[in-house]
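Reviewing the structure listed below.
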Amino acid sequence: MTSITEHMSLSDEGAVRNPNGPGLLGLSHLGITVRTVPAALRFWTSVMGFTTLVDGDDFCMIFEPSSKLAIGLSNQQGQAEGSFDERRVGLDHLGLAVADVATLLRWEQRLTDLDVPHSPIATSDAGHHLNLRAPDNFPIELFVLSVEGATSLGITSDGDPVAGTHEVASRDR
């Protein structure tokens, strides 16, 4: 396995360049199909802390300022049916980066206070995470990248955040 840093180089302007393609700046937005836009909007704003940019019957756009993540919620003009199933081809889950374990603990408390079912915080070789489900069974993982996880990916703590989102947690956290 090669590390992430083996695939990066700097342009003359100091920006990271991708030798395998034109490059991407990061995630622009995410579109999620939901059965009921109002129920999904309530979850994403009251539980996850997003703000509403556009609010309509069949579509809304929400935004989370600290991550700069925009999500469009659509019921596909009332044609959406069923619930999410990660065992089908397509998206498995949405992983959202969290700064550190202390912040993940605050998320765990917030979810408990709001009676949102969630897993306990689990530790893996890559870091710490907890899982929850949005309306329509949509899976969300809140994730903290550990020093060991970053090292296994070839990322050092003195570099830029991974994918512009993960800051490598220090060993003290």
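Filtering region 118-127 to residues that are closer than 29 Å to G72 by Cβ and either loosely packed, with under 15 Cβ neighbours inside 10 Å or basic (K, R) (or both) leaves only S119. Reported count of residues in region 66-83, each being out of contact with any Gly (no Cβ under 9 Å at 6 or more places or on another chain) and either surrounded by fewer than 15 Cβ atoms within 10 Å (Cβ to Cβ) or modelled with pLDDT under 90 (or both), is 8. Being assigned to a strand (DSSP E or B) and farther than 24 Å from H129 by Cα, is that true of even one residue in region 30-43? Yes. List the pairs whose first member sits in region 51-66 and is among the charged types (D, E, K, R), whose second member is at pLDDT 95 or above and surrounded by fewer than 16 Cβ atoms within 10 Å (Cβ to Cβ), and whose Cβ atoms are under 8 Å apart, counting only residues at least 6 apart or on separate chains? Within 8 Å, the pairs are E64/G49; E64/T51.
I'm trying to understand the selection: among the residues of region 1-35, which are at pLDDT 75 or above and surrounded by 14 or more Cβ atoms within 10 Å (Cβ to Cβ)? Within region 1-35, I32, T33, V34, R35 qualify. The selection criterion, being surrounded by fewer than 19 Cβ atoms within 10 Å (Cβ to Cβ) and of a type outside the set (F, W, Y), does not hold for L130. Within region 98-117, the set of residues being surrounded by 11 or more Cβ atoms within 10 Å (Cβ to Cβ) and over 22 Å from D136 (Cα atoms) comprises V98, A99, D100, V101, A102, T103, L104, L105, R106.
The values are calculated or read from the model by the stated rules, or taken from the named source; none is laboratory data. The shown structure was predicted, so the numbers you read here are calculated from the model rather than taken from an experiment. Cβ sites come from the backbone with ideal geometry, for glycine too, and all protein chains shown count toward neighbours.
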